[in-house]
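The block underneath contains the structure these notes are about, expressed in structure tokens.
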Amino acid sequence: MDPIGPERADLEVIGRWLARRDLPSLDPDDVGRPFEVLVLCGSAVPATVEMAARAFHDGVAGRILVSGGVGHSTPYLAEAVAAHHSWRDVTTSGRTEAAVLAEILRRHLNVPAAMVTTEEEATNCGENAAHSLRLLPTHGRVLLVQDPTMQRRTHASFDHHQPLVGTRLEIVSQAPFVPVVGPGGGVGAAAGPASWTFARFAALALGEVRRLHDDAQGYGPRGAGFIDHVDVPAEVLEAAGRAGQALPNLRSRRA
């Protein structure tokens, strides 16, 4: 018997939608014209920084802007770095997410220092967008890489802030992987280590649906007004409803 239960399938439905991927892959043939800049948003998922470095070395992105100050993911990033077999020598105490990830890019993933810049004030997706856009060209093509659970909301934040900042960039999202629930309950890429415990992933996924749903409790125009309207598919709302009922102990963690 599955120890997780039927909510496994519902959470994977949510995860597939949250992990926005606008391209089949970052193979140069799929990308076409290279991106002027890759924006790497701070998170605790090592696959994001690995994807950013790979895109640079493959000629898919000309340079990398790392965005992230100190936020809710910072302690989790410190844990992920400390547990990593190659990166554990990177100091995280008292440092921003952008500073930590930029050091990994330069020192461990061989991205030239001149090709990496940082934005170290952002503490949430909206600030990732607002602060990063002010450092980007007004026109061009930008690749956006984020934690899969936050990829869709981050893209929505960039869309919302572009007219406010005055940029007209083509923003292309590519989450590093689509989350799946493993046999032991850990959640991560289909082939790779878990990025979240089942409970943490469930709390993150359900919280994201609540934020993206354009109602009085959401972040859209009918709620906080942090992002523009986002169409949440009916199957995602239904999956979130069932999973929320099955996992009532997580409700208090969705804020």
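Short-range pairs are left out: with C-alpha atoms under 8 Å and at least six residues apart, the relative contact order of the chain is 22 percent. With the helix formula -39500 (n - 2.57) applied to DSSP H stretches of n ≥ 4, the chain reaches a computed 222 nm mean residue ellipticity of -11500 deg cm²/dmol.
Modelled label positions at S93 and A224, each set 7 Å beyond Cα in the direction of Cβ, lie 3.2 nm from each other.
The value of relative contact order for the stretch 79-162, using C-alpha pairs under 8 Å at least six residues apart, is 21 percent. Considering only the Cα atoms of the stretch 1-85, their convex hull presents on average a projected area of 8.1 nm². Separation of the stretch 103-127 from the stretch 137-198 is 16 Å, based on Cα centroids. Using the Cβ-Cβ distance between R107 and A190 with R0 = 35 Å, the FRET efficiency computed as 1/(1 + (r/R0)^6) comes to roughly 0.75. Taking the DSSP beta bridges in the chain as the whole, what percent of them are antiparallel, to the nearest 5? For the chain, the DSSP antiparallel bridge percentage is about 20. Taken about its Cα centre, the chain carries a charge dipole of roughly 360 debye when the Cβ of each Lys and Arg holds +1 and the Cβ of each Asp and Glu holds -1. Computed extension length for S25-E79: 16.6 nm, one decimal, from 0.36 nm per residue of separation with the Cα-Cα distance subtracted.
The relative contact order of the stretch 20-156 comes to 32 percent, based on Cα pairs under 8 Å that sit 6 or more residues apart. With the simple model of a label 7 Å out from the Cα in the direction of the Cβ, T117 to D58 spans 2.5 nm.
All of the numbers you see were taken from the coordinates with simple rules; none came from a lab. Quick caveat, the model's predicted, so the values are computed rather than measured. Positions of Cβ are backbone-derived with ideal geometry, glycine not excepted, and every protein chain shown enters the neighbour counts.
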